[in-house]
1. Which helices (runs of 4 or more DSSP H) sit wholly inside the stretch B:62-149 and have at least 1 residues that are of a type in the set (Ser, Thr, Tyr) and in contact (Cβ under 8 Å) with a residue 60 or more places away in the chain?
2. What single numbered condition from (1) without any contact (Cβ under 8 Å) to a residue 60 or more places away in the chain; (2) at the interface with another protein chain (Cβ under 8 Å from one of its Cβ atoms); (3) among the polar types (S, T, N, Q); (4) more than 18 Å from residue B:74 (Cα to Cα) fails to hold for residue A:107?
3. Output the number of the condition that residue A:81 fails; it satisfies all remaining conditions of (1) more than 7 Å from every other protein chain (Cβ to nearest Cβ); (2) free of Cβ contacts under 8 Å to residues at least 12 places away in the same chain.
4. Against the condition open to solvent by 30 Å² or more (accessible area, probe 1.4 Å) and within 18 Å of the chain's Cα centre (by Cα), how does residue A:69 come out, does it pass?
5. Which residue, of B:121, B:117, B:105, is open to solvent by 10 Å² or more (accessible area, probe 1.4 Å), facing chain A (nearest Cβ under 7 Å) and farther than 23 Å from residue A:77 by Cβ?
6. Within the bounds of the stretch A:140-155, is there any residue that is touching a Phe, Trp or Tyr at 6+ places or on another chain (Cβ under 7 Å), of a type in the set (Ser, Thr, Tyr), modelled with pLDDT of 95 or more and farther than 21 Å from residue B:67 by Cβ?
Amino acid sequence: METILDTIRQPWPWYVAGALIGLIVPALLLMGNKHFGISANLRHACATFFPAGIKFFQYDWKKELWNLFFVVGILIGGFIAATWIANPNPVVVDPRLMEELAGYGITDHETLLPKEIFSWEALLTVRGFVMLVLGGFLVGFGTRYAGGCTSGHAIMGLSNLQLPSLVATIMFMVGGFIMANLLLPLIMRL
Amino acid sequence: MATKNDTMTAQKTPGILDKDTDFEVRIDQTICVNKSEQETPLWHNLKYALVGILFGIVFIKAEIVSWFRIQEMFRLQSFHMYGVIGTAVVVGMISVWLIKRFKIKTVSGEEIDFQPKKFNKGQIIGGLLFGFGWALTGACPGPLFAQISAGFLVIIVVLLSAVAGTWVYGYFRTRLPH
């Protein structure tokens, strides 16, 4: 028994995670004709709390309640995994990345997010503010402008062989490569 | 309430922005949506929460929500994220193909519909901007929720900022190139 639990506690390999995430697509379709997508919840939040007379937020968000349940599930799942089956060891990070990050004063890799960036203290620094607040803004603005995020475009859209989703997915990656390799090194020095 | 509805109908003029540019929300704006949404009691939605729980666990356990894994992906230092997304797409593709091929219906006997989406400039510009945000925060919208419940409470700020970004997009939508 203990060995099984030990195995579960270790980081799961990509093929297990990929297969399980892929199976969410048919699970949602078969359960109720629902198309996999998460960023829409950000739009529902706007429609629910601050529609402000904007047409884009004038719709019956109650019809999309399933997506809210889905997100509440993610919250519960995240809690379960982090509380009872968490990896007891530090996160294994590629040595090249560790070396680069050390140059910016980031050495913590105990958990999934380095505390030098993802903490309340860091939020009050210029670097932390740009990464968390501007970063979050771009995630929300960009996904809605693109009409979907990694789940809606890269997984659901590509599964349904949609060319616009392929364009979006390629642009997600282009944006990520530019940010991580060209812009982030400058932001990290702030 | 009544006035709000009146303004809504009054605003309905045909144009690109009246078409659905959204991949995830299939609602009013599409002209010919005749979706026979079956009326179901609220607790029927619990099954989606169960799928969400599994998703949340996978997010944490496969370290998909880790900022480190995202940085490695964009620096080509690790295969992990490519493996996760690639496998998910292949499994999803096969599933969708099977559903279409055998016209499989939902558990309640409803037909499963797939609507083709049209290309617009948003997928390029918005996609690029999301990519920037993804590399900065190390999270797309789903992982944000799992990070918060895994104990990284400061991510609540990132989430609120993402909601603000969505709102600002909605506000400027008619003036942005599509």
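The values are calculated or read from the model by the stated rules, or taken from the named source; none is laboratory data. Computed from a prediction, not measured in an experiment: that's the story for all the values here. Glycine gets a Cβ as well: all are built from the backbone with ideal geometry, and neighbour counts include every protein chain shown. All accessible areas refer to the heavy atoms of the entire protein, side chains included, with ligands and DNA or RNA removed. Shrake-Rupley method; radii C 1.70, N 1.55, O 1.52, S 1.80 Å.
1. Values: elements: B:67-74, B:80-101, B:122-137, B:141-149.
Counting at least 1 such residues, we get B:122-137, B:141-149.
2. Single failed check for residue A:107: (2).
3. Evaluating residue A:81 over (1) more than 7 Å from every other protein chain (Cβ to nearest Cβ); (2) free of Cβ contacts under 8 Å to residues at least 12 places away in the same chain leaves (1) as the failure.
4. Answer is yes for this residue.
5. On the way: B:121 fails: facing chain A (nearest Cβ under 7 Å); B:105 fails: facing chain A (nearest Cβ under 7 Å).
Sole residue among the options that is open to solvent by 10 Å² or more (accessible area, probe 1.4 Å), facing chain A (nearest Cβ under 7 Å) and farther than 23 Å from residue A:77 by Cβ: B:117.
6. yes
Condition check ((1) facing chain B (nearest Cβ under 7 Å); (2) touching a residue at least 60 places away in the same chain (Cβ under 8 Å)) across all residues:
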{"site": "A:126", "(1), (2)": "no, yes"}
{"site": "A:129", "(1), (2)": "no, no"}
{"site": "A:133", "(1), (2)": "yes, no"}
{"site": "A:148", "(1), (2)": "yes, yes"}
{"site": "A:153", "(1), (2)": "yes, no"}
{"site": "A:157", "(1), (2)": "yes, no"}
{"site": "A:172", "(1), (2)": "yes, no"}
{"site": "A:181", "(1), (2)": "yes, no"}
{"site": "A:187", "(1), (2)": "no, yes"}
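Here's the yes/no breakdown for (1) acidic (Asp, Glu); (2) within 22 Å of residue A:152 (Cβ to Cβ); (3) under 20 Å from the mean Cα position of the chain (by Cα):
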site	(1), (2), (3)
A:47	no, yes, no
A:52	no, no, no
A:61	no, yes, no
A:83	no, no, yes
A:88	no, no, no
A:95	no, no, no
